[in-house]
1. Quick one: Ser75 ticks every box in (1) farther than 18 Å from Pro27 by Cβ; (2) over 16 Å from the mean Cα position of the chain (by Cα) bar one, so which box is it?
2. Quick check on my filter: what residues within the range 132-146 are surrounded by 17 or more Cβ atoms within 10 Å (Cβ to Cβ) and among the aliphatic types (A, V, I, L, M)?
3. May I ask you to verify whether Gly162 is in contact with a helix residue (DSSP H, G or I) (Cβ under 9 Å, 6 or more places away or on another chain), outside the structural domain of Gly200 (by TED's automatic domain parsing) and surrounded by 22 or more Cβ atoms within 10 Å (Cβ to Cβ)?
4. Might you check whether a residue that is in contact (Cβ under 8 Å) with a residue 40 or more places away in the chain and in a loop (DSSP other than H, G, I, E, B) occurs anywhere in the range 8-24?
5. Within the range 181-200, which residues are over 20 Å from Asp125 (Cβ atoms) and surrounded by 13 or more Cβ atoms within 10 Å (Cβ to Cβ)?
6. Within the range 16-34, take every residue that is surrounded by 13 or more Cβ atoms within 10 Å (Cβ to Cβ) and aliphatic (A, V, I, L, M) and give me the one that is farthest from Ile99 (Cα to Cα).
7. Check Leu63, Leu70, Leu13 and return the single one that is crowded, with 18+ Cβ neighbours inside 10 Å, in the same structural domain as Lys205 (by TED's automatic domain parsing), of a type in the set (A, V, I, L, M) and under 25 Å from His131 (Cα atoms).
8. Need pairs with beta-carbon distance below 7 Å; first residue free of Cβ contacts under 8 Å to residues at least 60 places away in the same chain and among the basic types (Lys, Arg) and within the range 144-172, second assigned to a helix (DSSP H, G or I) and surrounded by 13 or more Cβ atoms within 10 Å (Cβ to Cβ); sequence gap 6+ or separate chains.
Amino acid sequence: MLTNSADYHRLELAIATGPNDSRRVMPVIEERHRRILDIGCGAGQTLIGSELRDGVLAVGLDLDHAALALGKQFSPSIQFVEGRGEALPFDHEAFDLVICRVALPYMHIARALSEISRVTDVGGDLWLVLHPFSMTAKELGTNLARLQVKASLYRLWVMVNGLTLNTVGRQWHWPGNPNRYETWQASTGIRRALAAAGFGQVQIKREKHFVVTATKQAGLFHSH
């Protein structure tokens with residue numbers, strides 16, 4: 001059992017650097033990917049596990065100050081920045097690969113993808129790991145079985161929020177917390193959201209993980 005967030009991040013690092021771990025899911029990083037941003041990076045586990053080549057600019061962004069501080073201990077070569085995915089503190093077209101492993105589901109999807117599009121160079125790539133409906137349904141079942149009333153109500157809200165997002169493209173923040181969003185994703189919904197943000201060449205793989213890749217298209221710049 002993990003006792004604190006540092007233990008969690010060390011476990012995530014072990015998974016990211018363990019090629020035979022079934023929980024491991026990593027982006028494909030090509031030679032042309034020289035400027036990489038990881039949104040919701042935690043302590044930089046995915047960037048560290050990717051074993052980046054010398055000369056690659058690696059930037060990790062997260063809201064968790066303690067995780068970023070731990071990441072600086074793990075890898076002094078990564079530039080860690082505190083910030084939100086919906087308001088990225090970077091210049092236009094600053095990156096040619098943006099990765100976001102299971103962090104986008106906790107953001108306002110349209111705003112975050114608009115910001116990702118803004119900071120991604122034309123022809124640059126996006127790699128996402130998302131939450132399927134089955135994950136939310138399983139969590140709700142666990143909450144109900146344990147008679148966790150507040151957690152069950154929250155998970156029901158996540159289910160409804162995901163439904164509206166994937167059908168009509170709308171989502172809401174948790175009542176009383178304007179920065180708290182959570183949804184599940186469907187293939188049709190994420191394709192529509194990516195197209196609206198200026199991404200094309202969308203590919204979706206739904207095996208052990210819900211992985212989506214896309215490429216920033218020319219002439220489709222979207223400002224935040």
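The values are calculated or read from the model by the stated rules, or taken from the named source; none is laboratory data. Note that this is a predicted model, so its numbers are computed, not measured. Note: ideal-geometry Cβ built from the backbone for every residue, glycine included; neighbour counts use all protein chains shown.
1. Unmet condition: (1).
2. Of everything in the range 132-146, just one residue is surrounded by 17 or more Cβ atoms within 10 Å (Cβ to Cβ) and among the aliphatic types (A, V, I, L, M), namely Leu140.
3. yes
4. Within the range 8-24, one or more residues are in contact (Cβ under 8 Å) with a residue 40 or more places away in the chain and in a loop (DSSP other than H, G, I, E, B).
5. If the condition is that a residue be over 20 Å from Asp125 (Cβ atoms) and surrounded by 13 or more Cβ atoms within 10 Å (Cβ to Cβ), then Tyr181, Glu182, Thr183, Trp184, Ala186, Gly189 are the ones that fit.
6. The initial filter retains those residues of the range 16-34 that are surrounded by 13 or more Cβ atoms within 10 Å (Cβ to Cβ), namely 16-17, 24-27, 29, 33-34.
The next check asks that each one be aliphatic (A, V, I, L, M); those that pass are 16, 25-26, 29.
On the way: Ala16: 14, Val25: 12, Met26: 9, Ile29: 10 Å.
My answer is Ala16.
7. Numbers: Leu63 fails: crowded, with 18+ Cβ neighbours inside 10 Å; Leu70 fails: under 25 Å from His131 (Cα atoms).
That would be Leu13, the only listed residue that is crowded, with 18+ Cβ neighbours inside 10 Å, in the same structural domain as Lys205 (by TED's automatic domain parsing), of a type in the set (A, V, I, L, M) and under 25 Å from His131 (Cα atoms).
8. The qualifying pairs are Arg155/Thr136; Arg155/Glu139; Arg155/Leu140; Arg155/Asn143; Arg170/Thr164.
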